[in-house]
Amino acid sequence: MRILVAPDKFAGTLTAVEAADAIAAGWRRRAPDDELDLAPMADGGPGFVDVLHAALGGDLLAVTVRGPHGEPSPATLLVHEGTAYVESAQACGLHLTGREGAESATTYGVGELLLAAVDAGARRIVVGLGGSGTNDGGAGLLAAVGATADRPLDQGVAGLAGVTRVEVPPLEVELVAASDVDNPLTGLFGATKVFGPQKGIAEDRLPVVDGLLEELAAATDRRVSLEQGAGAAGGLGFALLLLGARREPGIELVAGALRLSERARAADLVLTGEGAFDYSSRGGKVPYGVAEVAGAALRPCVVLAGQVHVGSREMRALGVESAYSLVEAVGEQRAFADPAGALSDLAERVARTWSRE
């Protein structure tokens, strides 16, 4: 059989590349004659640059930017044929904030990444949005690229209290916001109400923080704040849209770069995976995107996940034939203590069912 292995990262335990390697190792133990095609995936969040570099090649440029709480943070740009790929989580990711200080955390470093890309000669910049620990509406990014205001833009959402004027300079480069999040900036379905709690914003602070982003919207362009994707990555999408970016689904962008449709048509079976497979996976996550590609190619898609929280009916709605839980197979302790070995063992078990050997 020909097997396409296209997992996302298993957040906190394995990168997408490590997950693909672990799945392949286990599968080969059971079915050594099967042909495996490894295509680690990303949706714009952590791993975005690594996955695209593996697929496209290009030059990696190491830079140091301001982290969400002002600390120096190492980051990497990928430059390929005039396009720079930026992973915003490298400058403002949840792994950098540890869910602490979300109201003071800034996206200034993401703006520094954009300037580094321009300095590198990029004519087009693709910004992967996802995994952010910030909620400043992209105000820090705007400050880094030269925006001015009557309140500080680089001190997190808390610094925006009382803002009435923001002047946003043009950025003479084509911008793409790679994100599958379609939330607006503010309101019931906005960045704060939907994603704020997972960044550490207390429940009683959500209305206050949302109000501060409303002030930012009023001081810039309220119509842009209502656009799909403005609420992505704590409002980084809003800042990029203000700068003239267009939004592209991150999973589609990565799948196109990896020629995933072509590779799925050449396979007999498609494997994907992530840390937690649940119904929110429909919201632009890798397994759903891979399952769509597999479905279009008329190939079955199977998920290997850390945990599975959907039933068979929901699974079918997501275009997935079967899903296997790492925690159920090996236990929670081993799943976290030895994630690569545990995932490899799970893949070996799955191969018993799905390989023809």
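A short reminder: the numbers here are calculations on the coordinates, not readings from a lab. Bear in mind the structure is a predicted one, so any value in this text is a computation, not a measurement. Quick reminder, even Gly has a Cβ in these numbers, built from the backbone with ideal geometry, and neighbours come from all protein chains shown.
Quick notes on this structure:
- Relative packing of peptides 54-63, 79-88 - highest average C-beta neighbours within 10 Å first: 79-88, 54-63
- Here's the picture: a label point sits 7 Å out from the Cα of V17 along the beta-carbon direction, and within segment 59-92 the residues with their amide nitrogen under 17 Å of it are 59-63, 75-80, 85-87, 90.
- Under a 5 Å amide H cut-off, with hydrogens placed 1.01 Å from N, I125 pairs with A84, E174, L175, V176 among residues at least 5 apart or on other chains.
- Once you reduce segment 113-181 and segment 3-57 to the center of their Cα atoms, the two points are 31 Å from each other.
- The overall shape of segment 1-133, judged from the alpha-carbon gyration tensor, is oblate: a/c is not under 1.5, and a/b is no greater than b/c.
- Gain upon complete extension [Y279, F336; 0.36 nm per residue less C-alpha separation]: 18.3 nm
- Shape of segment 176-258, Cα gyration tensor, a/c cut at 1.5: oblate
- Given R0 = 25 Å, the distance between the Cβ atoms of T164 and E227 translates into a calculated FRET efficiency of 0.70.
- Distance (nanometres) between label positions extended 7 Å along Cα→Cβ at L56 and V173: 1.2
- Percent of beta bridges antiparallel (DSSP, the chain, rounded to nearest 5): 35
- Note on R29 and H95: the extension gain reaches 20.3 nm, defined as 0.36 nm multiplied by sequence separation minus the Cα-Cα distance.
- Whole-number D in µm² s⁻¹ for the chain, Kirkwood Cα-pair radius fed into Stokes-Einstein, 20 °C, 1.002 mPa s: 104
- Dipole check for segment 150-284: with +1 at the C-beta of Lys and Arg, -1 at the C-beta of Asp and Glu, and the Cα centre as origin, the magnitude is about 120 Debye.
- With the helix formula -39500 (n - 2.57) applied to DSSP H stretches of n ≥ 4, the chain reaches a computed 222 nm mean residue ellipticity of -10500 deg cm²/dmol.
- For the pair A266 and R313 in one chain, pulling the backbone fully straight at 0.36 nm per residue adds 14.1 nm over the alpha carbon distance.
- For the chain, a Gaussian network of Cα nodes joined below 10 Å ranks T192, T106, T220 by mean-square fluctuation, and the top entry is T220.
- Evaluated with a Cβ-only charge set (Lys, Arg +1; Asp, Glu -1), the chain carries a dipole of roughly 600 debye about its Cα centre, given to the nearest 20.
- Cβ-placed point charges (K, R +1; D, E -1), dipole of segment 15-140 about Cα centre in debye, nearest 20: 100
- Net charge contributed by nearby residues that have their C-beta within less than 12 Å of G133 (K/R +1, D/E -1): -1
- Candidates per GluC sites (Glu not before Pro) in segment 135-218, loop by DSSP, up to 12 other Cβ within 10 Å: E172
- Pair R349, T64: separation of 7 Å Cα→Cβ label points (nm): 4.6
- Each principal axis of the Cα atoms in segment 48-250 has its own extent, and those three values, largest first, are 46, 32, 29 angstrom.
- Positive-end residue of G57, G319, T134, charge dipole of the chain with Cβ unit charges: G319
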